[in-house]
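A short worksheet on the structure shown next.
Laboratory data are not the source of any read-out in this text; all were calculated from the coordinates shown. Please read these numbers as outputs of a predicted model, since none were measured by experiment. Quick reminder, even Gly has a Cβ in these numbers, built from the backbone with ideal geometry, and neighbours come from all protein chains shown.
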Amino acid sequence: LALRRGYTELKAGKSAVDAVTAAITVLEDDPHFNAGRGAVFTHDGRNELDTSIMDGRTRKAGAAAGVHRVKNPILLARAIMERSEHVMMVGDGAEVFAAEQGIELVDPSWFRTEKRWQQLQRRLIEKRQGALDNDRSGRRYTGTVGAVALDNHGGLAAGTSTGGMTDKRYGRVGDSPIIGAGTWADDRCAFSGTGWGEFYIRTAAAHEVCARMRYLNEGPAEAGHAVINVDVPALGGDGGAIVMGADGRIGFPFNTEGMFRGWIGEDGVPHIAIYAEDPLPLPSASAP
Ligand code: ASP
């Protein structure tokens with residue numbers, strides 16, 4: 001559905017930003033993903049949402065962190081990009097702005113799902129028992145959502161939305177709302193990341209991948225691999241990303257067991273994959 005929504009926007013001649021917004025809104029509303037409804041819980045049992053969006057054509061960007069009442073955080077990121085003079089807003093101030101912009105606010109309980117609550121409880125028990133083998137437990141951060149798109153006019157855009165990591169501290173902000181870490185788009189490259197956010201910040205992962213494409217002339221798969229599968233693990237992190245070039249080529253680097261991903265090309269046929277050995281993207285695919 002997310003792929004089709006994004007594709008419909010592009011087919012109608014709308015911008016990559018419209019496609020990314022449409023796709024992410026669907027995923028935020030779906031309780032299976034760690035974004036919007038279904039977000040993971042902080043250590044003290046809240047949902048705190050982080051998000052960002054970037055328009056590669058104008059290099060405008062919008063981001064919000066630590067919000068807990070905005071039903072679709074990506075709409076707030078977009079409003080910050082388009083209707084404020086700022087790039088990033090946090091917490092209560094971001095929500096006051098959301099309300100002023102007519103963006104739907106909900107009771108914080110809207111985001112709660114039993115599955116994520118149990119995930120937090122399990123983690124707290126394991127921690128108490130000292131049973132965590134290490135902090136890389138994938139259970140902490142599966143399901144962040146992101147989208148990249150290329151429109152009919154050659155514009156690229158990227159967006160990311162997340163509840164962050166299970167058991168994170170109150171006030172912790174990950175990479176997803178940080179432009180250049182979790183999200184980036186310019187005239188040649190769009191990136192959205194998922195993984196252990198602290199490491200994406202420390203490697204400036206999103207910008208680093210796009211810089212490699214610009215300066216080393218690497219493709220999205222190659223540049224993505226160099227950062228996500230080499231630089232991030234070298235510091236002790238892990239995760240994945242979706243990367244797209246201005247020629248429509250896409251890359252899906254990840255070093256976790258799997259990464260849910262999908263793409264749709266000009267032919268409008270949606271593709272999805274989870275594990276590394278799943279079918280590879282079409283060279284012409286243009287809107288995962
Ligand atoms: N990168 C996100 C964060 O650290 C989590 C994720 O991708 O699932 O907040």
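Worth pointing out:
- Each residue in the stretch 250-279 was checked for being over 18 Å from the mean Cα position of the chain (by Cα) and in a strand (DSSP E or B), and 2 of them qualify.
- Whichever residue in the stretch 26-43 is assigned to a helix (DSSP H, G or I) and either within 13 Å of the ligand (Cβ to nearest atom) or surrounded by fewer than 24 Cβ atoms within 10 Å (Cβ to Cβ) (or both) and, among such residues, is nearest to the chain's Cα centre (by Cα): LEU27
- Of all the numbered requirements in (1) free of Cβ contacts under 8 Å to residues at least 24 places away in the same chain; (2) more than 18 Å from GLY146 (Cα to Cα); (3) surrounded by fewer than 19 Cβ atoms within 10 Å (Cβ to Cβ), GLY219 misses one, and that requirement is (1).
- Subset of the stretch 162-199 (residues that are over 18 Å from LEU235 (Cβ atoms), outside any loop (DSSP other than H, G, I, E, B) and near the ligand (Cβ under 10 Å from one of its atoms)): THR162, LYS168, SER192
- Just one of the listed residues (ARG46, ARG57) is surrounded by fewer than 22 Cβ atoms within 10 Å (Cβ to Cβ) and under 26 Å from HIS207 (Cβ atoms), and it is ARG57.
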